[in-house]
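Questions regarding the structure given below will be posed in turn.
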Amino acid sequence: MAQLKLYRPTQSGAVNQPFGANPAYYAKFLDRFGEPQKGHMGIDFQAAHGTPLYAVCDGVAWYVTDVHGGDGIYIQTDLFDYQAAQAYFWIINWHLCSKDDPQFKPLIPTDGTRVKVKAGQLIGYTDNTGAPFESSGDHLHFGLVPVQANGTPFDAHNGFDGCIDASPYLTNIFAGDIGKVAEVVTAVAAVVPQVAASNLPAQTKLDFFSKVVKFLQSLFK
């Protein structure tokens with residue numbers, strides 16, 4: 001199975017609150033089993049009202065709301081290997097602009113219909129929906145849950161409602177730049193054969209190819 005790789009969902013990579021933070025505060029809230037939460041269940045990225053949100057991977061997306069007025073978009077990835085078991089991952093994007101926002105409306109169906117999305121696709125905008133119970137200000141709550149085929153979390157009793165820290169899976173690449181990265185890779189791919197077929201000294205070619213490899217590796221860190 002492929003290793004899960006997630007791009008950064010918003011332009012800013014600044015984090016207001018990491019996964020697992022503030023355990024004393026979140027212990028006041030109960031999970032689906034009535035047990036105290038162990039800490040923050042996702043990563044809060046700084047984002048103002050109307051900040052564009054991009055899909056961090058290929059998958060199937062659908063629109064979600066809750067009883068507190070929160071709006072979100074979930075993305076289910078393709079099949080991955082998680083702790084030696086085949087698993088899907090749900091990517092949670094929460095506190096988004098709702099369908100009633102006069103300016104920044106969701107860009108996927110709001111009736112729960114599941115639609116395919118590609119990494120780097122604009123899917124919605126950040127907000128503060130769910131306030132004041134769930135949110136104290138505009139930001140993006142970003143979560144990751146390994147689930148079975150029926151949507152049941154693999155470890156629902158982990159104190160985070162089955163969520164795990166998404167940080168190890170996040171790259172430094174902004175999802176909105178995926179198209180630009182693809183253009184660069186295509187341009188490099190066109191140059192490499194020309195250099196290989198040229199009359200340049202062998203060492204010069206090797207030096208060039210080494211620099212190309214290092215450059216491409218830097219794009220995907």
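The values are calculated or read from the model by the stated rules, or taken from the named source; none is laboratory data. Computed from a predicted model, the values in this text were never measured in an experiment. Don't worry about glycine lacking a Cβ; one is built from the backbone with ideal geometry, like all the others, and counts go over all protein chains shown. The area values use the complete protein model at the heavy-atom level, side chains included, leaving out ligands, DNA and RNA. Shrake-Rupley method; radii C 1.70, N 1.55, O 1.52, S 1.80 Å.
Of the residues that sit in the range 188-221 and are over 27 Å from ILE43 (Cα atoms) and at pLDDT below 80, which one is surrounded by the fewest Cβ atoms within 10 Å (Cβ to Cβ)? Step through it out loud before you land on a result.
Just the residues of the range 188-221 that are over 27 Å from ILE43 (Cα atoms), to begin with: 188-216.
Subset that is at pLDDT below 80: 215-216.
Values: PHE215: 11, LEU216: 14.
Ranking the candidates gives PHE215 first.
Here is a follow-up. Just need a number here: residues in the range 166-184 that are open to solvent by 50 Å² or more (accessible area, probe 1.4 Å) and touching a helix residue (DSSP H, G or I) at 6+ places or on another chain (Cβ under 8 Å).
Residues in the range 166-184 being open to solvent by 50 Å² or more (accessible area, probe 1.4 Å) and touching a helix residue (DSSP H, G or I) at 6+ places or on another chain (Cβ under 8 Å): 1 in total.
Look through ALA55, ALA14 and report the one residue that is touching a residue at least 40 places away in the same chain (Cβ under 8 Å), closer than 25 Å to ILE178 by Cβ and not basic (Lys, Arg).
ALA55
Continuing with this model, one more query. Kindly check whether there is at least one residue in the range 17-38 that is in a loop (DSSP other than H, G, I, E, B), of a type in the set (A, V, I, L, M), modelled with pLDDT of 95 or more and under 16 Å from GLU134 (Cα atoms).
The first filter runs over the range 17-38 and keeps only residues in a loop (DSSP other than H, G, I, E, B), leaving 18-22, 27-29, 31-35, 37-38.
Going one step further and asking which of them are of a type in the set (A, V, I, L, M), we end up with 21, 27.
Now drop any that are not modelled with pLDDT of 95 or more, which leaves 21.
Retained after the next criterion (residues that are under 16 Å from GLU134 (Cα atoms)): 21.
Looking through the range 17-38, at least one residue is in a loop (DSSP other than H, G, I, E, B), of a type in the set (A, V, I, L, M), modelled with pLDDT of 95 or more and under 16 Å from GLU134 (Cα atoms).
Right, another one. Any residue in the range 165-190 that's closer than 26 Å to TYR82 by Cβ and in a strand (DSSP E or B): show its pairings with residues that are of a type in the set (Lys, Arg) and open to solvent by 50 Å² or more (accessible area, probe 1.4 Å) at Cβ separation under 7 Å, as long as the two are six or more apart or on different chains.
Pairs found: THR171/LYS5; THR171/LYS221; ASN172/LYS221.
What's the total number of residues in the range 2-12 that are open to solvent by 40 Å² or more (accessible area, probe 1.4 Å) and in a loop (DSSP other than H, G, I, E, B)?
Final tally of qualifying residues: 5.
Which ranges mark the strands (runs of 3 or more DSSP E) fully within the range 77-158 that have 3 or more residues being more than 25 Å from LYS28 (Cα to Cα) and at pLDDT 95 or above? Spell out the reasoning first.
Values: elements: 80-82, 85-94, 115-117, 122-125, 139-147.
Qualifying strands (runs of 3 or more DSSP E): 115-117, 122-125.
Do we find a residue being modelled with pLDDT under 95, surrounded by fewer than 18 Cβ atoms within 10 Å (Cβ to Cβ) and not charged (D, E, K, R) anywhere in the range 50-62?
no
While we're here: Inspect the range 139-151 for any residue being out of contact with any strand residue (DSSP E or B) (no Cβ under 9 Å at 6 or more places or on another chain) and either surrounded by 13 or more Cβ atoms within 10 Å (Cβ to Cβ) or on the phi < 0 side of the Ramachandran plot (or both) and give the result as yes or no.
Our first condition is that a residue be out of contact with any strand residue (DSSP E or B) (no Cβ under 9 Å at 6 or more places or on another chain); within the range 139-151, this holds for 150.
Right, trim to either surrounded by 13 or more Cβ atoms within 10 Å (Cβ to Cβ) or on the phi < 0 side of the Ramachandran plot (or both) and you get 150.
Looking through the range 139-151, at least one residue is out of contact with any strand residue (DSSP E or B) (no Cβ under 9 Å at 6 or more places or on another chain) and either surrounded by 13 or more Cβ atoms within 10 Å (Cβ to Cβ) or on the phi < 0 side of the Ramachandran plot (or both).
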